[in-house]
Amino acid sequence: MAGFEPAVLVLEDGRRYVGRTYGAVGRTLGELVFATGMTGYQETLTDPSYAGQIVLMTAPHIGNTGTNDEDMESRRIWVSGYVVREPSRVVSNFRATRGLDDDLVEQGIVGISGIDTRAVTRHIRAAGAMRSGIFSGADFELSDGEQLDLVRSGAEMAGLNLSEEVSTPEPFTVPAVGERIGSVAVLDLGVKTSTLNYLAARGFDVHVLPQMVSSADILELQPSALFFSNGPGDPSASDRHVALLQDVLRAGVPYFGICFGNQLLGRALGFGTYKLPFGHRGINQPVLDKATGRVEITSQNHGFAVDAPIEGIIDSPAGFGRVEVSHFSLNDNVVEGLNCLDLNAFSVQYHPEAAAGPHDANYLFDRFRDMVLSTKGDAK
(Lines give C-alpha, C1' and ligand atoms only; values in the text may rest on other atoms or scores of the structure.)
Protein backbone atom coordinates (compact mmCIF):
# COMPACT_ATOMS: atom_id res chain seq x y z
CA MET A 1 0.00 0.00 0.00
CA ALA A 2 1.20 3.50 -0.76
CA GLY A 3 2.42 5.73 2.04
CA PHE A 4 1.10 9.14 2.86
CA GLU A 5 4.41 10.97 2.76
CA PRO A 6 5.21 13.04 -0.33
CA ALA A 7 7.58 11.88 -3.07
CA VAL A 8 8.66 13.39 -6.38
CA LEU A 9 9.75 11.95 -9.72
CA VAL A 10 12.31 14.24 -11.39
CA LEU A 11 13.30 13.90 -15.06
CA GLU A 12 16.58 15.12 -16.46
CA ASP A 13 14.79 17.67 -18.66
CA GLY A 14 13.47 19.33 -15.49
CA ARG A 15 9.94 17.91 -15.41
CA ARG A 16 8.65 17.07 -11.93
CA TYR A 17 5.75 14.89 -10.81
CA VAL A 18 4.77 15.01 -7.13
CA GLY A 19 3.02 12.01 -5.61
CA ARG A 20 3.23 9.72 -2.57
CA THR A 21 5.82 7.26 -1.33
CA TYR A 22 5.50 3.66 -2.43
CA GLY A 23 7.83 0.95 -1.20
CA ALA A 24 11.05 2.10 0.41
CA VAL A 25 11.69 5.73 1.30
CA GLY A 26 14.81 7.56 0.13
CA ARG A 27 16.50 8.37 -3.16
CA THR A 28 17.07 6.36 -6.32
CA LEU A 29 18.41 7.20 -9.77
CA GLY A 30 18.05 5.41 -13.11
CA GLU A 31 16.81 5.58 -16.68
CA LEU A 32 13.03 6.07 -16.71
CA VAL A 33 11.22 3.59 -18.99
CA PHE A 34 7.62 2.41 -19.25
CA ALA A 35 6.23 -1.14 -19.41
CA THR A 36 2.81 -1.77 -20.96
CA GLY A 37 1.86 -5.11 -19.40
CA MET A 38 -1.44 -5.19 -17.50
CA THR A 39 -0.35 -8.31 -15.61
CA GLY A 40 2.92 -9.91 -14.59
CA TYR A 41 4.35 -7.09 -12.49
CA GLN A 42 6.31 -9.52 -10.29
CA GLU A 43 7.99 -11.03 -13.35
CA THR A 44 8.83 -7.51 -14.56
CA LEU A 45 10.35 -6.47 -11.24
CA THR A 46 12.53 -9.59 -11.00
CA ASP A 47 13.70 -9.49 -14.65
CA PRO A 48 17.45 -8.68 -14.55
CA SER A 49 17.11 -6.83 -17.87
CA TYR A 50 15.60 -3.93 -15.92
CA ALA A 51 18.75 -3.32 -13.86
CA GLY A 52 19.63 0.37 -13.82
CA GLN A 53 16.11 1.48 -14.79
CA ILE A 54 13.19 3.12 -13.04
CA VAL A 55 10.13 1.31 -14.39
CA LEU A 56 6.78 3.03 -14.85
CA MET A 57 3.74 0.78 -15.23
CA THR A 58 1.21 2.07 -17.73
CA ALA A 59 -1.56 -0.12 -16.25
CA PRO A 60 -3.23 2.12 -13.66
CA HIS A 61 -3.81 -0.42 -10.86
CA ILE A 62 -0.85 -2.48 -9.64
CA GLY A 63 -0.49 -4.99 -6.81
CA ASN A 64 -3.91 -6.66 -6.91
CA THR A 65 -2.61 -10.23 -6.86
CA GLY A 66 0.25 -9.72 -4.41
CA THR A 67 3.51 -11.64 -4.77
CA ASN A 68 4.81 -15.16 -4.13
CA ASP A 69 8.02 -17.15 -4.39
CA GLU A 70 6.98 -19.21 -7.44
CA ASP A 71 6.77 -16.27 -9.88
CA MET A 72 10.23 -14.85 -9.16
CA GLU A 73 12.27 -14.68 -12.40
CA SER A 74 15.56 -14.31 -10.52
CA ARG A 75 16.88 -14.09 -6.99
CA ARG A 76 15.79 -10.49 -6.36
CA ILE A 77 14.09 -7.35 -7.65
CA TRP A 78 16.35 -5.55 -10.14
CA VAL A 79 14.58 -2.31 -11.00
CA SER A 80 16.18 0.85 -9.64
CA GLY A 81 12.80 2.37 -8.85
CA TYR A 82 9.09 1.83 -9.40
CA VAL A 83 6.35 4.20 -10.57
CA VAL A 84 2.63 3.35 -10.39
CA ARG A 85 -0.62 5.25 -10.64
CA GLU A 86 -2.64 3.49 -7.95
CA PRO A 87 -1.35 0.66 -5.74
CA SER A 88 -3.92 -1.91 -4.72
CA ARG A 89 -5.07 -1.42 -1.14
CA VAL A 90 -5.79 -5.13 -0.70
CA VAL A 91 -4.27 -8.36 -2.02
CA SER A 92 -6.72 -10.87 -3.45
CA ASN A 93 -5.28 -14.05 -4.94
CA PHE A 94 -5.06 -17.59 -3.60
CA ARG A 95 -1.38 -17.85 -4.63
CA ALA A 96 -0.30 -14.66 -2.85
CA THR A 97 1.89 -14.95 0.23
CA ARG A 98 2.51 -11.23 0.74
CA GLY A 99 1.84 -7.82 -0.75
CA LEU A 100 3.93 -6.19 -3.47
CA ASP A 101 4.70 -3.31 -1.12
CA ASP A 102 6.24 -5.80 1.33
CA ASP A 103 8.76 -6.91 -1.31
CA LEU A 104 9.57 -3.34 -2.32
CA VAL A 105 10.23 -2.29 1.27
CA GLU A 106 12.21 -5.42 2.15
CA GLN A 107 14.50 -5.03 -0.86
CA GLY A 108 14.90 -1.26 -0.57
CA ILE A 109 13.17 -0.36 -3.84
CA VAL A 110 12.22 3.33 -3.76
CA GLY A 111 8.96 4.03 -5.55
CA ILE A 112 6.30 6.64 -6.11
CA SER A 113 2.53 6.43 -6.58
CA GLY A 114 -0.34 8.81 -7.17
CA ILE A 115 1.05 10.57 -10.23
CA ASP A 116 -0.38 10.81 -13.74
CA THR A 117 1.48 7.89 -15.29
CA ARG A 118 -0.32 8.42 -18.60
CA ALA A 119 1.13 11.94 -18.85
CA VAL A 120 4.63 10.68 -18.00
CA THR A 121 4.34 7.90 -20.59
CA ARG A 122 3.23 10.31 -23.30
CA HIS A 123 6.17 12.57 -22.45
CA ILE A 124 8.67 9.69 -22.63
CA ARG A 125 7.19 8.55 -25.94
CA ALA A 126 7.80 12.03 -27.34
CA ALA A 127 11.08 12.94 -25.66
CA GLY A 128 12.62 9.47 -25.24
CA ALA A 129 13.76 7.50 -22.20
CA MET A 130 15.89 9.67 -19.95
CA ARG A 131 17.71 9.79 -16.65
CA SER A 132 15.46 10.37 -13.67
CA GLY A 133 15.23 10.09 -9.91
CA ILE A 134 12.67 9.45 -7.18
CA PHE A 135 13.08 11.43 -3.98
CA SER A 136 11.18 10.89 -0.72
CA GLY A 137 11.78 11.27 3.01
CA ALA A 138 14.68 13.61 3.73
CA ASP A 139 15.62 13.62 0.03
CA PHE A 140 12.21 15.12 -0.82
CA GLU A 141 13.29 18.20 1.15
CA LEU A 142 16.26 18.86 -1.16
CA SER A 143 15.82 21.87 -3.41
CA ASP A 144 14.57 21.39 -6.95
CA GLY A 145 18.00 22.31 -8.25
CA GLU A 146 19.79 19.84 -6.00
CA GLN A 147 17.49 17.03 -7.07
CA LEU A 148 17.94 17.87 -10.75
CA ASP A 149 21.72 17.99 -10.37
CA LEU A 150 21.66 14.51 -8.82
CA VAL A 151 19.55 13.18 -11.71
CA ARG A 152 21.87 14.69 -14.30
CA SER A 153 24.90 13.21 -12.56
CA GLY A 154 23.49 9.71 -13.02
CA ALA A 155 24.86 7.20 -15.51
CA GLU A 156 23.67 7.18 -19.12
CA MET A 157 22.38 3.78 -20.28
CA ALA A 158 24.22 4.21 -23.61
CA GLY A 159 27.70 2.73 -23.22
CA LEU A 160 26.83 1.01 -19.93
CA ASN A 161 27.86 -2.61 -19.30
CA LEU A 162 25.74 -4.19 -16.55
CA SER A 163 26.42 -7.89 -17.20
CA GLU A 164 28.72 -8.30 -14.21
CA GLU A 165 26.06 -6.88 -11.89
CA VAL A 166 23.34 -9.37 -12.86
CA SER A 167 25.24 -12.54 -13.82
CA THR A 168 25.56 -15.55 -11.54
CA PRO A 169 28.78 -15.44 -9.49
CA GLU A 170 29.26 -19.22 -9.74
CA PRO A 171 28.34 -21.79 -12.40
CA PHE A 172 25.46 -24.15 -11.71
CA THR A 173 23.50 -26.80 -13.59
CA VAL A 174 19.79 -27.39 -14.10
CA PRO A 175 19.43 -31.07 -15.08
CA ALA A 176 17.46 -32.19 -18.12
CA VAL A 177 13.84 -33.18 -17.61
CA GLY A 178 12.80 -36.42 -19.29
CA GLU A 179 14.93 -37.83 -22.09
CA ARG A 180 18.32 -36.11 -22.23
CA ILE A 181 19.34 -34.99 -25.71
CA GLY A 182 22.49 -33.04 -24.82
CA SER A 183 23.75 -30.03 -22.94
CA VAL A 184 23.54 -26.30 -23.45
CA ALA A 185 26.00 -23.73 -22.11
CA VAL A 186 24.06 -20.65 -21.02
CA LEU A 187 26.01 -17.42 -20.73
CA ASP A 188 24.15 -15.65 -17.94
CA LEU A 189 23.86 -12.01 -18.92
CA GLY A 190 20.67 -11.64 -16.87
CA VAL A 191 18.90 -14.92 -17.54
CA LYS A 192 15.39 -15.59 -16.23
CA THR A 193 14.38 -18.72 -14.34
CA SER A 194 11.65 -19.56 -16.86
CA THR A 195 14.22 -19.71 -19.67
CA LEU A 196 16.32 -22.27 -17.81
CA ASN A 197 13.25 -24.37 -17.03
CA TYR A 198 12.09 -24.37 -20.66
CA LEU A 199 15.56 -25.43 -21.86
CA ALA A 200 15.70 -28.24 -19.29
CA ALA A 201 12.18 -29.35 -20.32
CA ARG A 202 13.52 -29.87 -23.88
CA GLY A 203 16.02 -32.45 -22.64
CA PHE A 204 19.08 -30.26 -22.08
CA ASP A 205 21.41 -30.32 -19.13
CA VAL A 206 21.59 -26.56 -18.65
CA HIS A 207 25.05 -25.32 -17.59
CA VAL A 208 24.62 -21.72 -16.41
CA LEU A 209 27.91 -19.83 -16.60
CA PRO A 210 29.11 -16.49 -15.22
CA GLN A 211 29.51 -13.75 -17.80
CA MET A 212 33.30 -13.59 -17.36
CA VAL A 213 34.02 -17.07 -18.77
CA SER A 214 36.15 -17.40 -21.90
CA SER A 215 35.42 -19.18 -25.17
CA ALA A 216 37.99 -21.80 -24.12
CA ASP A 217 35.99 -22.42 -20.92
CA ILE A 218 32.85 -22.99 -22.95
CA LEU A 219 34.45 -25.23 -25.57
CA GLU A 220 36.07 -27.29 -22.81
CA LEU A 221 32.55 -28.25 -21.68
CA GLN A 222 31.87 -29.66 -25.17
CA PRO A 223 28.27 -28.42 -25.08
CA SER A 224 25.70 -29.44 -27.66
CA ALA A 225 24.82 -25.76 -28.04
CA LEU A 226 25.43 -22.26 -26.71
CA PHE A 227 22.74 -19.89 -25.46
CA PHE A 228 23.10 -16.17 -24.72
CA SER A 229 20.41 -14.79 -22.42
CA ASN A 230 18.59 -11.53 -22.06
CA GLY A 231 20.21 -8.82 -19.96
CA PRO A 232 20.58 -5.10 -19.32
CA GLY A 233 22.95 -2.52 -20.75
CA ASP A 234 24.33 -1.43 -24.11
CA PRO A 235 25.44 -4.24 -26.46
CA SER A 236 28.15 -1.98 -27.88
CA ALA A 237 29.82 -2.13 -24.45
CA SER A 238 30.12 -5.95 -24.56
CA ASP A 239 33.01 -6.47 -26.97
CA ARG A 240 34.35 -9.41 -24.95
CA HIS A 241 31.07 -11.31 -25.25
CA VAL A 242 30.96 -10.61 -28.98
CA ALA A 243 34.47 -12.02 -29.44
CA LEU A 244 33.54 -15.07 -27.32
CA LEU A 245 30.49 -15.71 -29.49
CA GLN A 246 32.53 -15.40 -32.69
CA ASP A 247 35.01 -17.98 -31.39
CA VAL A 248 32.26 -20.46 -30.54
CA LEU A 249 30.44 -19.92 -33.84
CA ARG A 250 33.69 -20.63 -35.71
CA ALA A 251 33.97 -23.86 -33.72
CA GLY A 252 30.62 -24.95 -35.20
CA VAL A 253 28.60 -24.96 -31.98
CA PRO A 254 24.86 -24.29 -32.56
CA TYR A 255 23.62 -21.03 -31.06
CA PHE A 256 20.35 -19.54 -29.83
CA GLY A 257 20.07 -16.07 -28.30
CA ILE A 258 17.24 -13.97 -26.95
CA CYS A 259 17.00 -10.22 -26.38
CA PHE A 260 20.56 -9.13 -25.43
CA GLY A 261 21.67 -12.40 -27.00
CA ASN A 262 20.07 -11.28 -30.28
CA GLN A 263 21.90 -7.97 -30.19
CA LEU A 264 25.21 -9.72 -29.49
CA LEU A 265 24.66 -12.15 -32.37
CA GLY A 266 24.02 -9.13 -34.58
CA ARG A 267 27.30 -7.59 -33.49
CA ALA A 268 29.17 -10.91 -33.87
CA LEU A 269 27.89 -11.13 -37.46
CA GLY A 270 29.21 -7.63 -38.12
CA PHE A 271 26.10 -5.48 -37.78
CA GLY A 272 25.78 -2.42 -35.59
CA THR A 273 23.34 -1.72 -32.78
CA TYR A 274 21.62 1.50 -31.75
CA LYS A 275 19.55 2.91 -28.89
CA LEU A 276 15.80 3.11 -29.38
CA PRO A 277 14.02 6.34 -28.38
CA PHE A 278 11.92 4.67 -25.66
CA GLY A 279 12.33 0.94 -26.30
CA HIS A 280 9.86 -1.94 -26.31
CA ARG A 281 8.68 -3.09 -22.87
CA GLY A 282 5.56 -5.07 -22.06
CA ILE A 283 3.75 -8.29 -22.95
CA ASN A 284 1.71 -7.06 -25.93
CA GLN A 285 4.30 -6.30 -28.63
CA PRO A 286 3.29 -7.48 -32.17
CA VAL A 287 5.98 -9.20 -34.25
CA LEU A 288 5.78 -10.66 -37.77
CA ASP A 289 7.44 -14.01 -38.50
CA LYS A 290 8.50 -13.53 -42.13
CA ALA A 291 8.74 -17.25 -42.84
CA THR A 292 5.15 -18.04 -41.89
CA GLY A 293 3.41 -14.67 -42.12
CA ARG A 294 2.17 -15.29 -38.59
CA VAL A 295 1.83 -12.41 -36.16
CA GLU A 296 3.04 -13.18 -32.64
CA ILE A 297 2.11 -11.13 -29.59
CA THR A 298 5.32 -11.09 -27.60
CA SER A 299 6.90 -10.15 -24.31
CA GLN A 300 9.71 -7.63 -24.75
CA ASN A 301 12.12 -5.58 -22.69
CA HIS A 302 14.84 -3.85 -24.66
CA GLY A 303 16.15 -0.36 -25.30
CA PHE A 304 18.66 -1.26 -28.04
CA ALA A 305 18.26 -2.98 -31.41
CA VAL A 306 20.24 -4.50 -34.29
CA ASP A 307 20.85 -2.27 -37.31
CA ALA A 308 20.18 -4.54 -40.31
CA PRO A 309 17.84 -4.39 -43.34
CA ILE A 310 14.60 -6.28 -42.69
CA GLU A 311 14.29 -7.45 -46.30
CA GLY A 312 16.55 -9.66 -48.38
CA ILE A 313 19.50 -11.91 -47.63
CA ILE A 314 22.65 -10.17 -46.39
CA ASP A 315 26.25 -11.35 -46.38
CA SER A 316 27.59 -11.19 -42.84
CA PRO A 317 30.09 -8.29 -42.69
CA ALA A 318 32.17 -10.41 -40.28
CA GLY A 319 32.40 -13.36 -42.65
CA PHE A 320 29.81 -15.76 -41.22
CA GLY A 321 27.93 -16.34 -44.46
CA ARG A 322 24.38 -15.41 -45.35
CA VAL A 323 22.03 -13.87 -42.82
CA GLU A 324 18.38 -12.82 -42.93
CA VAL A 325 16.14 -10.87 -40.60
CA SER A 326 13.55 -13.46 -39.58
CA HIS A 327 11.17 -11.29 -37.54
CA PHE A 328 10.40 -7.60 -37.25
CA SER A 329 8.20 -5.35 -35.15
CA LEU A 330 4.87 -4.33 -36.63
CA ASN A 331 4.92 -1.15 -34.55
CA ASP A 332 8.14 0.36 -35.88
CA ASN A 333 9.93 -2.18 -38.14
CA VAL A 334 12.67 -2.85 -35.58
CA VAL A 335 14.65 -6.06 -36.15
CA GLU A 336 13.16 -8.78 -33.92
CA GLY A 337 15.07 -11.85 -35.09
CA LEU A 338 18.12 -13.07 -37.03
CA ASN A 339 18.60 -16.35 -38.88
CA CYS A 340 21.97 -17.56 -40.16
CA LEU A 341 21.65 -19.53 -43.38
CA ASP A 342 25.18 -20.98 -43.38
CA LEU A 343 25.46 -21.58 -39.61
CA ASN A 344 23.30 -23.34 -37.03
CA ALA A 345 22.49 -20.07 -35.31
CA PHE A 346 19.42 -17.91 -34.78
CA SER A 347 18.11 -15.38 -32.29
CA VAL A 348 15.08 -13.29 -31.41
CA GLN A 349 14.81 -9.90 -29.77
CA TYR A 350 11.79 -10.78 -27.65
CA HIS A 351 11.32 -13.20 -24.74
CA PRO A 352 9.86 -16.57 -25.86
CA GLU A 353 9.74 -17.82 -22.25
CA ALA A 354 7.25 -14.97 -21.57
CA ALA A 355 6.55 -15.59 -17.90
CA ALA A 356 3.09 -14.12 -17.27
CA GLY A 357 2.40 -14.68 -20.99
CA PRO A 358 1.78 -14.51 -23.86
CA HIS A 359 3.06 -17.87 -25.10
CA ASP A 360 2.87 -17.34 -28.88
CA ALA A 361 6.66 -17.66 -29.24
CA ASN A 362 7.29 -20.66 -26.97
CA TYR A 363 7.77 -22.83 -30.07
CA LEU A 364 11.24 -21.30 -30.47
CA PHE A 365 12.56 -23.60 -27.73
CA ASP A 366 11.33 -26.52 -29.82
CA ARG A 367 13.05 -25.05 -32.87
CA PHE A 368 16.27 -24.82 -30.88
CA ARG A 369 15.90 -28.44 -29.76
CA ASP A 370 15.29 -29.56 -33.35
CA MET A 371 18.36 -27.62 -34.55
CA VAL A 372 20.53 -29.38 -31.96
CA LEU A 373 19.08 -32.79 -32.82
CA SER A 374 19.86 -32.15 -36.49
CA THR A 375 23.53 -31.76 -35.55
CA LYS A 376 23.46 -34.55 -32.96
CA GLY A 377 26.32 -36.36 -34.58
CA ASP A 378 28.58 -33.57 -33.32
CA ALA A 379 26.78 -33.05 -29.98
CA LYS A 380 28.17 -34.28 -26.73
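The values are calculated or read from the model by the stated rules, or taken from the named source; none is laboratory data. Bear in mind that the values here come from a model prediction, so they are computed numbers and not experimental data. Please note: Cβ atoms are built from the backbone with ideal geometry, for glycine as well, and neighbour counts cover all protein chains shown. In case anyone asks, the SASA skips ligands and DNA or RNA and just uses the protein heavy atoms, side chains included. Shrake-Rupley method; radii C 1.70, N 1.55, O 1.52, S 1.80 Å.
Tell me, how many Å apart are the Cα centres for segment 10-42 and for segment 204-250?
That distance is 33 Å.
Taking a temperature of 25 °C and a viscosity of 0.890 mPa s, what whole-number D in µm²/s does Stokes-Einstein yield for segment 203-303 with Rh from Kirkwood over alpha carbon pairs?
163 µm²/s
Averaging sequence separations of C-alpha pairs under 8 Å and six or more residues apart, then dividing by the length of segment 1-112, give the relative contact order as a whole percent.
Computed over segment 1-112, the figure is 32 percent.
Which values, in whole Å and largest first, are the semi-axes of the equivalent ellipsoid of the chain obtained as the square root of 5 times each eigenvalue of the Cα gyration tensor?
36, 22, 19
Under 14 Å Cα-Cα from Lys290, which aspartates and glutamates qualify once same-chain neighbours fewer than 8 residues away are excluded?
Cα-Cα hits under 14 Å: Glu311, Glu324, Glu336.
Using mean Cβ contacts within 10 Å as the protection proxy, how do 288-295, 118-125 order, highest first?
For the peptides 288-295, 118-125, the packing ranking is 118-125, 288-295.
Within the set of other residues whose C-beta is less than 11 Å from the C-beta of Glu336, count the net charge using Lys and Arg as +1 and Asp and Glu as -1.
It works out to a net charge of -2.
Where q = 0.10, 0.14, 0.20 Å⁻¹, what log10 of I(q)/I(0) comes from the Debye formula for segment 14-110, counting one point per Cα?
Evaluating at q = 0.10, 0.14, 0.20 Å⁻¹ gives log10 I(q)/I(0) of -0.23, -0.47, -1.00.
Sort 247-256, 341-350, 32-41, 303-312 for me by packing, meaning the mean count of neighbouring Cβ atoms within 10 Å per residue, highest on top.
341-350, 32-41, 247-256, 303-312
What part of the accessible area of segment 97-198, given as a whole %, is carbon or sulfur when the probe is 1.4 angstrom?
Result for segment 97-198: 48 percent of the exposed heavy-atom area is carbon or sulfur.
Name the most mobile residue of Ser167, Ser92, Ser316, meaning the one with the largest mean-square fluctuation, in a Gaussian network model of the chain with Cα contacts below 10 Å.
So, out of Ser167, Ser92, Ser316, the one fluctuating most is Ser92.
Solvent-accessible area per residue for the chain at a 1.4 Å probe radius, Å²?
For the chain, the solvent-accessible area averages 39 Å² per residue.
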